[in-house]
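One structure below.
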Amino acid sequence: MGTAASNTASHVDQVMMVILGISVVLFVGIMATMVFFVVKYSRKKQTSVANISHHTGLELVWTIIPVIIVLVMFWYGFVGYRVMRTGPDDALEVTITGRMWSWLYTYENGIQATDMLRIPAGEPVKLVITSADVIHSFYVPAFRVKWDAVPGRKTHYFVTAEKTGTFDVLCAEYCGLQHAYMLSKVQVMPKAEFEKWYAANAPAQQPGSGPAQAPSAAAEPAAQMASAQPQTETAPDQRTDGTPPPAGTPGSPKTASSAPPAGKAATPTAAPAAPASGNSAALVAEGEKLMARYACSSCHSSDGSRIVGPTFKGLYGSSVTVLVDGQERTVRADEAYLERSIREPNAEIVKGYQPLMPGQPNLTPEEVRAMIAYIKSLK
Amino acid sequence: MAVDVAGRSQGLPDYLNHRAAYSGILSWVLSTDHKRIGVMYLVSQLTFFLVGVALGFVMRLEMLTPGPTVISNPAVYNAIFTVHGVIMIFLFVIPGLIASFGNFFLPIMIGAKDVAFPFLNLLSWWLFMIGAFVAIASLFTGGLPDTGWTFYVPYSIQTNTNTTLALFGVFILGFSSILTGLNFVTTVHQMRAPGMRWGRMPLFVWAIYATSWIQILATPILGITLLLVMLERVLGIGVFDPARGGDPVLYQHLFWIYSHPAVYIMILPAMGAISEIIPTFARRTIFGYKFIAGSSLAIALFGSLVWAHHMFTAGIGERAAVIFSLLTFLVAVPSAIKVFNWVSTLYRGSIELRPPMLFALAFIFLFSIGGFTGLMQGALALDIHLHDTYFVVAHFHYVMFGGTGFALFGALHYWFPKMFGRMYNEKIATIAWALMFVGFNVLYFTMLLMGWLGMPRRYYDYLPQYQTWHVVATVGSWILIAGVLLMVGNLLVALKRGEKAPDNPWGGVTPEWSTTSPPPLENFEKAPTFSGGPYDFPTEVAR
């Protein structure tokens, strides 16, 4: 049996043991009776038969007893379900957004992360689950719970983690090409440690964005700000330890790793792409890594072949026919176009393709720059 | 059952040798004889089954190691499980025993010359083949459909693969199913021979009758639902797509309002065949005739009210979840009643373990595991863990393959001598049965365990901790497929070179055993009359 790391897991395991126990007894009983009859009344030993047509008493017994048994099973399942559905109003809430093909975790204080969901041990957490594109299902086997991420809806469940440690997160509802790779982790931290992390990573308030910015709405404004404003010192702070450094060292104290690129990004100020550094091999390599971790390369090939989206090969500098609100338009694939297409892919759809790509409003300018450098390198 | 077939003549040509208006292949594809149509369904279904098996074999091979094993692109794997599902569900188990053996034996078992509407019956088969052709054509004309056989929105609306054509194929198949149901219900009501009262109908006929009602009532819902998805893809009407104000969960409701009762379309005729095989090989009357017949109707009724148990994790209302869980548990009871009655039929019988009986006993074993694992998923809390894992996949293979599949093979071995007038090699059939039974459990019981450990379904790749189990399951698939091939080969050889079968090789008493093997064109030379119960066996069996 897999690790049971939460209150929900112990309830589910208990329901399983009850139903499994009853089932094994009944199954073995039925099979033993069947085999016994087959042996005892074999044609080799028995040539006279009793044509017993029915026995109403027996029929009643094996109707009523199973009804009682299944009602008991139903009750256990119902009780365990209630555990998942009920929790205090003031529980810590994390919004989980599924998108092809990664998970975005948004906390009430604005922290956002994709590689690791951090929650405290020993206290109820409300996981609110939704989707940005198609249906996914947020599944943590160690909690024995999955809940579907349905676009246009919010589903939720409560969980109290009981074991600290890191556990697998899987997508359980088929969602297309990279379904099997829509993986993440959940880290259950001791409460004090979690609180320290939670406070230390709260994004700084945006000047002018108002103090009461709703955490769930944070993604959109942040995106607009990131692309519309020249980079300021605050932009890198939008990134948190969750959106991991390209090297992907989960759990490393974040600010340290995201600060240096931020410094670099700030230097060329208003011009998002500095041609000189844009082509450096390191930046291209970083861009390639980012493309892999955001699963871009699952849909966009680097060798000219068509997958789900247009290929990157020879894209930079080419003329692209796009549809804007149904109108055809020809644009040049320059850096501004590439950045728009990464952040808001559905505003201009390349003719002949579907509006499938999840927007990436939370990428830092530096990440986008690296991605563009990578695309430029594919001539 | 006492059957009076006055003036029966052995000289009448059987349906296989009857001179029809056409010859060659046309004498089949333009025949309105229910027996020829039944054989055509059987041959087409088994062909599709073997294609589905081949796809399943490739899937299991891919699962042998984490990372790419034999398929380099996940898109191909996704297409393979989609096509495996579409073929096995819509072209093999839904037509299942009803289209093949139902067509062949329903009229004979009630003493009729044919079904009520023979021409409509031929049209059903043509629609079946056209639907199958369109669904398969979708593979070769545009991107490989990659939605899974469930076509869940909004993915099925957004994917730019050839899903519209695949949907249209299934849409056509639905009409075939509806027309067959209509035909059979009318046949049972109108065509019974003198003396064939409702209470004297063989249990296979009762099962077909209950199933036909589900086909008539539930299939139109699938048709409309798939039509809406097609319209959504082509016109963007916005019924299901949340980006256009639609609701993806509505799709799931509509889809399962058909597709859960469809599970009973698949299993009820299988249960009917088991109810024929067991009394014949125990040489005694069936135990609890009325309860088995009644439980078929109860399953048809309750089975229509449990669809949302496929959606406990989809964010449906808590009250709905609780009600559907309760109803799901209750629908298990009539199935359990059948199992108890079958086992009781063995009591004080005179049991002979020949291939059809072995398949029937294997059916009880495998279907029971399918039933108990179904209870586990009916429990709300437990389903939240097990849903969309290998546990579900294994559960429905236990029910659909271990249940319907094994019953279909049992029925095939039971009725083969009657249908084709030849016997097969029973020893080889027994070896094939044993291989299939062992391979099946190695494959699917392992998948139950993997599901409990959290292995999600429809995964091209998996985390390394599951590998040992995947290797065991894949080896199981090889044993299972070896058994399937041996069984099919044995029957093909028997078709050509089998010994001539007697009219009643097993000592059965239902009406089909009182006509010749194979039966003549209109089944009996003169309309038979019936008296007594359907399973009245003599109390002494000649050794």
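No lab work stands behind these numbers, since they all come straight from the coordinates. Please read these numbers as outputs of a predicted model, since none were measured by experiment. With ideal geometry, Cβ positions are generated from the backbone for all residues, glycine too; neighbour counts draw on all protein chains shown.
Take the Cα pairs of region A:92-196, get the Kirkwood Rh, then feed it into Stokes-Einstein at 4 °C and 1.567 mPa s and tell me D in µm²/s. Walk me through the numbers before you get to the answer.
Working: Rh = 13.5 Å.
Roughly 96 µm²/s, to the nearest whole number.
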How many nm is it between the label spots at A:Q14 and A:T33, if each spot is 7 Å from the Cα in line with the beta carbon?
3.1
With an 8 Å Cα cut-off and a minimum separation of 6 or more residues, compute the relative contact order for region B:2-531 in percent.
20
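Between A:K163 and A:V128, 0.36 nm times their residue separation minus their Cα-Cα distance comes to what?
Values: separation 35, 0.36 × 35 = 12.60 nm, distance 2.12 nm.
Between A:K163 and A:V128, full extension yields 10.5 nm more.
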Report the label-to-label distance for A:A91 and B:S27 in nanometres (one decimal), using points 7 Å from each Cα along the Cα→Cβ vector.
7.1
Which log10 I(q)/I(0) values, to two decimals, does chain B give at q = 0.05, 0.06, 0.12 Å⁻¹ under the Debye formula with one point per Cα?
-0.19, -0.28, -1.17
How charged is the neighbourhood of B:T285? Take every other residue with its Cβ under 13 Å from the Cβ of B:T285, and add Lys/Arg as +1 and Asp/Glu as -1.
+3
For an R0 of 25 angstrom, estimate the FRET efficiency from the Cβ-Cβ distance between A:L60 and A:R82 and round to the nearest 0.05.
0.15
Specify whether the C-alpha gyration tensor of region B:6-111 places it in the rounded, prolate or oblate class, a ≥ b ≥ c being the square roots of the eigenvalues: rounded for a/c under 1.5, otherwise prolate if a/b is larger than b/c and oblate if not.
prolate
FRET efficiency (A:D303, A:V24; Cβ distance; R0 51 Å; to 0.05) is 0.40
Listed highest first by mean packing, meaning other Cβ atoms within 10 Å per residue, what order do B:326-333, A:31-38 come in?
B:326-333, A:31-38
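As an exercise, use a Förster radius of 41 Å and the Cβ-Cβ distance of B:T186 and A:V72 to find the FRET efficiency, rounded to the nearest 0.05.
Numbers: r = 43 Å, r/R0 = 1.06.
Rounded to the nearest 0.05, the efficiency is 0.40.
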Okay, which of region B:272-292 sit inside 15 Å, backbone N to the point 7 Å along the Cα-Cβ direction of B:W198?
B:290-292
Fraction in percent of alpha-carbon pairs per bin - 20 Å, the protein assembly as shown:
14, 42, 29, 12, 3, 0
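Net charge near B:Y155, counting Lys/Arg +1 and Asp/Glu -1 over other residues with Cβ under 10 Å of its Cβ? Kindly include the intermediate steps, with their values, before the conclusion.
Details: positive: none; negative: A:D133, A:E173, B:D146.
Once positives and negatives cancel, what remains is -3.
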How would region B:354-504 be classified by its alpha-carbon gyration tensor: rounded, prolate or oblate, with rounded meaning a/c under 1.5 and the a/b versus b/c comparison settling the rest?
prolate
Shape of region A:7-85, Cα gyration tensor, a/c cut at 1.5
oblate
Within the set A:K45/B:K427; B:K113/B:K496; A:K351/A:K376; A:K44/B:K290; A:K313/A:K351, which residue pairs have Cα atoms separated by over 26 Å?
B:K113/B:K496; A:K44/B:K290
If N is the number of residues in region B:248-399, what value comes out of its Cα radius of gyration divided by 2.2 N^0.38 Å?
1.13
